[in-house]
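Everything on this sheet refers to the single structure shown next.
The values are calculated or read from the model by the stated rules, or taken from the named source; none is laboratory data. Note that this is a predicted model, so its numbers are computed, not measured. Cβ placement follows ideal geometry from the backbone for every residue including glycine, while neighbour counts extend to all protein chains displayed. What goes into the accessible areas is simple: the full protein's heavy atoms, side chains included, and nothing from ligands, DNA or RNA. Shrake-Rupley method; radii C 1.70, N 1.55, O 1.52, S 1.80 Å.
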Amino acid sequence: MKATVRYLAGIAGPSGFGSNSTAEQVTLQHHSSSCNLTALITGASSGIGAETARVLAKRGVKVVIAARDLKKAKDVIENIRKETPNAEVILLEIDLSSFASIQRFCSEFLALELPLNILINNAGIFSPNLEFSEDKFEMTFATNYLGHFLLTKMLLEKLIDTAKKTGIEGRIINVSSVIHSWVNRGCFRFNDMLAGKNYNGTRAYAQSKLASILHVKEMARQLKARNARVTINAVHPGIVKTGIIRAHKGLITDSIFFIASKLLKSKSQGAATTCYVALSPQAEGVSGKYFTDCNECNCSSLASNEFEARKLWNNTHALLHKRLRQAAT
């Protein structure tokens, strides 16, 4: 109840920010310290990803946009440059549901020989109907989790190397969702999720977001064991106002819509937590945590389970190793 009141009232937490804080507000003090940073953002062609790219570019960060829809991404870049003429923004194509596309993307990115300080795994899809990726895995799980797992794996050494050379902590951010807490252990089975068994769109989305937090938990443990100066955290952006919500206005009364709209965040409010974790000195050295409204908070007990995190990582690593080896032969 207290958390709900705090959210509705926009009361600031220990970080000094809360649910009403915007991405620009939480990064206002970080302009001068951001100029030597390079951030890679997936899914930045729309929504909170585009807002994250805009604000980071405004703060002087060199931004690499990894997107599937190049036309929409080019529009985002055009708008960024109108607002921030000196912004450094690079666009590269990626389809996170495709292992081959991710490998091509990483080869292209690494060939640029840029540093990499911040990796923001933001892209995500919700598929109401059962679909499969070109690698024959359920599309939501493939895109939201498997794709980002492989991307992170392939760019991890670049992040670690950049941190060593620059002395600046590297940061990885997985954009998750509070909906991860809807998943119970009984329906979180790796092979079933790959196959889309007894498919339900909402459940599949929740499972993928739970997997992204478990990825954070295990990666944080491994990075600490390596004494790598790279952190990894998960964020819940909040429920953000979208065209889907507005499209339903005609189905409900204006008064109910008005009340419901007050519970939703703007895109800039939705991007705030990602931007905070990416740039804030207060997040220095913080790893393996879950953030909402720019403050650390608790995730579900399943998402905090170290055994489940390690088991998922091992299963995913084995799957990718097998598939990529097969593709190479």
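First compute the accessible area of the chain with a 1.4 Å probe, then give the percent of it belonging to carbon and sulfur atoms.
Of all accessible area on the chain, carbon and sulfur atoms account for 53 percent.
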Per residue, accessible area of the chain with a 1.4 Å probe, heavy atoms of protein chains only, in Å², comes to 47
Based only on Cα atoms, what Rg/Rh ratio does region 106-151 have, Rh being taken as Kirkwood's radius?
1.09
In whole Å and largest first, what semi-axes does the C-alpha gyration tensor of region 20-137 yield when each eigenvalue is scaled by 5 and square-rooted?
26, 17, 12
How many percent of the alpha carbon pairs in region 117-220 exceed a separation of 18 Å?
49
Rel. contact order, % - alpha carbon contacts under 8 angstrom, at least six apart, the chain:
20
Qualifying lysines (Cα of each under 29 Å from Cα of Lys197; at least 8 residues distant if same chain):
Lys136, Lys153, Lys209, Lys217, Lys311, Lys322
Only helices counted: for the chain, with every DSSP H run of 4 or more residues adding -39500 (n - 2.57) and the sum spread over all residues, [θ] at 222 nm is -14500 deg cm²/dmol
Which residue fluctuates the most in the chain, going by a Gaussian network model with Cα springs under 10 Å, if the choices are Val230, Val175, Val286?
Val286
Determine the gain in length on full extension of the stretch Ala195-Ala318; use 0.36 nm per residue of separation and subtract their C-alpha separation, reporting nm with one decimal.
42.6 nm
Normalise the Debye intensity by I(0) for region 143-182, one equal point scatterer per Cα, no solvent, then take log10 at q = 0.15, 0.29, 0.33 Å⁻¹ and round to two decimals.
-0.48, -0.97, -1.08
For labels at Gln222 and Trp182 in the simple 7 Å Cα→Cβ model, what's the distance in nm?
2.9
More than 36 Å apart: what percent of Cα pairs in the chain qualify?
14
